[in-house]
Structure formats: structure tokens, C-alpha cells
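Below: the structure, in C-alpha cells.
The values are calculated or read from the model by the stated rules, or taken from the named source; none is laboratory data. Everything numeric in this text was worked out from a predicted model, so none of it was measured. For neighbour counting, all protein chains shown are included, and Cβ atoms are generated from backbone atoms with ideal geometry for every residue, glycine included. Heads up: the accessible areas ignore ligands, DNA and RNA and are worked out on the full protein's heavy atoms, side chains in. Shrake-Rupley method; radii C 1.70, N 1.55, O 1.52, S 1.80 Å.
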Amino acid sequence: MAAEARQRLTVLSGPSGVGKSTVVAHMRKAHPEVWLSVSATTRKPRPGERHGVQYFFVTDDEFDKLVANGELLEWAEFAGHRYGTPRAAVLDRLDAGEPVLLEIDLQGARQVRESMTESRLVFLAPPDWDELVRRLTGRGTEAADVIERRLAAAKVELAAESEFDTTLVNTSVEDVARELLALMEVS
């Protein structure tokens, strides 16, 4: 397929705890044809997470090799761990004309915008700050110091909203998933 026919990459980003994973899971249940990139990470799996499904869980040395070999479209460090998007799989799916979605953080979204200027960047915002705090503290999966770092990062991420092409406010998972599908032109 010619480069002109390549599908446009959609990047979904927003602060930790805003509901990105929940929205994406809801959207993909109804539209499994939307390909979601699986990121590599140096963090340990949470209960129920499986290698190659939610993430590719790698060692620091393995991650260093991915970076050194230019195999990541983007990567970032967050809450003491690194996360990155394997480049080849994304480009292969786009070239095949498939709708591709990246669910990544602000640093990663900025890197994708630099390397793939035609990408569509979508910011997922919380209804308000108090709701974001409630979601982050209600998870019960992270220590207090990690939550503090996530809240500090969230303030920075919220301030970057204007860098995105579109903002969706997560007041309803169903509504946001529908809006995201419409932006991706998936029917």
C-alpha cells in the first residue's frame, strides 16, 4: 500500500488515573479491529496482567537495547519505570490500512508528534481535579509516594492539554469511546 493510503495514527494521552485503559477496553470490545499497540515496560506486572497482552515486560538491559537499536517509536520514564512503543508493529499496521491507537503518556505523545507529524493527538481529561485524585487514590495498587508522584505529574500533564488536537472529557466511558471511534473514522 502506498504511503498516501496509510492510516492516520491516533494517540490517546492524559494524566494517570483519567481512565485511558478503561475507555480503550470498552472501545475495543465493540471494535476489535482497532489495533492497540502493546508497550514494552520495565515495571513488574500487576495482578492479572500477562506478558504480550497488556505489556511486554522487559528488564532494564532489554529496554536499553530497544532504545539503542531505534526499535521504539517513543519511550518515557514514569514513576520509576520505563515504557515504550515498538516501532515496527505500529508502522506495519498503519501501512496495512488498519486503525491504530497508542495509549501513552505526555512525553511519548510529544515524541510521536515529532517523528510522525500527521498523527492525531487526543487528550483525555478528567471531569475535574477532585475526581482524578479520587481515581488515583482509589486504585489501591500503589504506595503513597507513587501516588504523590502521579498527582504531581498529572498537574504537568493537564497543563499540556493545548498541545493536543482534540480534548475528550471522561464523564462517561461509553460516550468517550464513541467520540474516539468517530475521530478515528471507525464505524
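A few remarks follow.
- Amide H partners (placed H, <5 Å) of L9, local residues excluded: R120
- Residues considered: A177, A25, A125. Largest GNM mean-square fluctuation over the chain, using C-alpha springs under 10 Å, is found at A25.
- Computed from backbone phi with θ = phi - 60° and the Karplus coefficients 6.51, -1.76 and 1.60, the 3J(HN,Hα) list for region 12-25 is 10, 9, x, x, 4, x, 6, x, 4, 4, 5, 4, 5, 4 Hz; x is used for glycine and proline.
- Under 5 Å between amide hydrogens, built in the peptide plane, is the criterion, and for V18 it picks out nothing among residues at least 5 positions away or on other chains.
- Interchain or long-range residues, amide H under 5 Å from V169's placed H: A125
- The chain, helix-only ellipticity at 222 nm - DSSP H runs n ≥ 4, -39,500 (n - 2.57), divided by all residues, nearest 500: -12500 deg cm²/dmol
- DSSP beta bridge pairing in the chain, given as percent antiparallel to the nearest 5: 30 percent
- Equivalent ellipsoid semi-axes, region 62-142, via Cα gyration tensor eigenvalues times 5, rooted, Å: 27, 18, 11
- Distance between region 70-118 and region 131-174 - C-alpha centres, whole angstrom: 20 Å
- On the beta carbon distance between A89 and A143, with R0 = 30 Å, the FRET formula returns roughly 0.40.
- In the chain the longest region clear of GluC sites (Glu not before Pro) that are loop-assigned by DSSP and have at most 13 other C-beta atoms within 10 Å covers 50-117.
- Theoretical FRET efficiency, 1/(1+(r/R0)^6), r = Cβ-Cβ of K29 and R8, R0 30 Å, to 0.05: 0.85
- Within straight-line cross-link reach of K155, lysines at Cα separation under 19 Å, skipping those fewer than 8 residues along the same chain: K20
- Cα gyration tensor category, rounded, prolate or oblate, for region 1-128 with a/c compared to 1.5: rounded
- For region 41-187, the solvent-accessible area works out to 53 Å² per residue, with a probe of 1.4 Å and every protein chain left in place.
- Taking the accessible area of the chain, probe 1.4 Å, and keeping the other protein chains in place, the carbon and sulfur fraction comes to 51%.
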